[in-house]
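First the structure, in the form of structure tokens, and then the observations on it.
The values are calculated or read from the model by the stated rules, or taken from the named source; none is laboratory data. Every value quoted in this text rests on a predicted model; they were computed, and no experiment measured them. Please note: Cβ atoms are built from the backbone with ideal geometry, for glycine as well, and neighbour counts cover all protein chains shown. With ligands, DNA and RNA removed, areas are computed over all heavy atoms of the protein, side chains included. Shrake-Rupley method; radii C 1.70, N 1.55, O 1.52, S 1.80 Å.
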Amino acid sequence: MKLTTLLGGLLMLFMSASGTFAQSTPNLAEKLGYDRNAKLLIIHADDLGLSHSTDAAVISAFEKKGITSGSIMVPCPWFPEIAAFAKNNPKADIGIHLTLTSEWENYKFGPVTSADQVRSLQNNEGYFYPTVEAFGANAKPAEVEKEMRAQIDRAIAFGITPTHLDNHMGSVMVNPAFYQILIKLGHEYRIPVLIPKDMLQAAAPQFLEQIAKENIMVDHLFMLNQAPAEGNWIQPYREFIENMQPGLNQIIVHLAYNNDESRAVMIHHDDFGAKWRQNDYDLMTSDKMKSLLEENNIKLVTWHQIQNVMYPDSEQ
């Protein structure tokens, strides 16, 4: 037999064995009990604890199975209310929306940590900066870590068992050092961190390679950033769902009732304001949304399930 023929045969055998091995390695969907090519989706509500209206709408959405997950803003005034709900409803999938900015015009909040320990995180009035840019220009990494750690510890002290960590307004994305702190804290506390693979792939592929091996990432993240035409709130969500690819996907929504409290908190904020949040609530709890998910064979999952995959020895 010629050497080239022998080498060719061995190469084909190796490739075949490698392919079999790759196929036999279960991916996330299979670990969660689904088909390998399943389209997994977390429907996630941000800003729990921001206001009573927010808390009430989110609790209702959980009860109506319009969302599968949510995350709490620990520094906000209505944190105790939603913390009590989380403690009394341990099956509710609730994480921590680590908060380092305070964007509303007349409704402000500042650090959980003693003010003198995190001066770089505060403006002249003692509140968090209103913009990500101002936060990034002033914040010191050591103080960012101190405050994020304090928010996690406070949530746990209130009886919350966090299923994941994410970040208000994406502020930690402004500096790779801040984001690395967040990922470090996730591993330290054994809590998954929202890592949007598609966004990082476009913005920082080298950074993505560094964190891919030890973390489960969200393959595709969607959040409405511009209000659709009046009466057509479902359209951008429909497009995302109908074009969804296999893997782990997440939709971020913002829920609240359009009432006096919300309008006062969100004054002069048409984007992500009271009307916006009522529209998100109405859609997520609607039969139209449920039908859209069923028609596209979407499998709803939670961050708690992801946590059990990443840290199986701590499964609850």
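Numerical summary
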| read-out | value |
| --- | --- |
| Only one of 215, 232, 167, 259 that is open to solvent by less than 30 Å² (accessible area, probe 1.4 Å), of a type in the set (S, T, N, Q) and over 22 Å from residue 132 (Cβ atoms) | 215 |
| Unmet criterion (only one of (1) open to solvent by less than 40 Å² (accessible area, probe 1.4 Å); (2) closer than 30 Å to residue 103 by Cα; (3) part of a loop (DSSP other than H, G, I, E, B)) for residue 226 | (1) |
| The range 84-103 - residue that is surrounded by 18 or more Cβ atoms within 10 Å (Cβ to Cβ) and more than 18 Å from the chain's Cα centre (by Cα) and, of those, farthest from residue 59 (Cα to Cα) | 102 |
| Residue, nearest to residue 184 (Cα to Cα), within the range 114-145, restricted to residues that are in contact (Cβ under 8 Å) with a residue 40 or more places away in the chain and of a type in the set (Asp, Glu) | 145 |
| Odd one out for residue 176 among (1) more than 27 Å from residue 239 (Cα to Cα); (2) under 13 Å from the mean Cα position of the chain (by Cα) | (2) |
| Among the residues listed as 126, 159, the single one being at pLDDT 95 or above, on the phi > 0 side of the Ramachandran plot, over 21 Å from the mean Cα position of the chain (by Cα) and open to solvent by 10 Å² or more (accessible area, probe 1.4 Å) | 126 |
| Some residue of the range 191-206 being open to solvent by 50 Å² or more (accessible area, probe 1.4 Å), within 22 Å of residue 252 (Cα to Cα) and small (Gly, Ala, Ser) | yes |
| Of residues in the range 48-60 being surrounded by fewer than 24 Cβ atoms within 10 Å (Cβ to Cβ) and not small (Gly, Ala, Ser), the one farthest from residue 299 (Cα to Cα) | 52 |
| Every residue from the range 61-76 that is in contact (Cβ under 8 Å) with a residue 40 or more places away in the chain, open to solvent by less than 20 Å² (accessible area, probe 1.4 Å) and over 13 Å from residue 91 (Cβ atoms) | 61, 66, 67, 71, 72, 73, 74 |
| Matching residues, the range 146-156, being without any contact (Cβ under 8 Å) to a residue 60 or more places away in the chain and open to solvent by 40 Å² or more (accessible area, probe 1.4 Å) | 146, 149, 153, 156 |
| Failed condition for residue 251, given (1) in a loop (DSSP other than H, G, I, E, B); (2) of a type in the set (Val, Ile, Thr); (3) crowded, with 17+ Cβ neighbours inside 10 Å | (1) |
| Qualifying positions in the range 157-187 - closer than 14 Å to residue 204 by Cβ, out of contact with any Gly (no Cβ under 8 Å at 6 or more places or on another chain), of a type in the set (A, V, I, L, M) and free of Cβ contacts under 8 Å to residues at least 60 places away in the same chain | 173, 177, 183 |
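Results for (1) closer than 28 Å to residue 38 by Cα; (2) touching a residue at least 60 places away in the same chain (Cβ under 8 Å), shown as yes or no for each residue.
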residue	(1), (2)
227	no, no
234	yes, no
255	yes, yes
262	no, yes
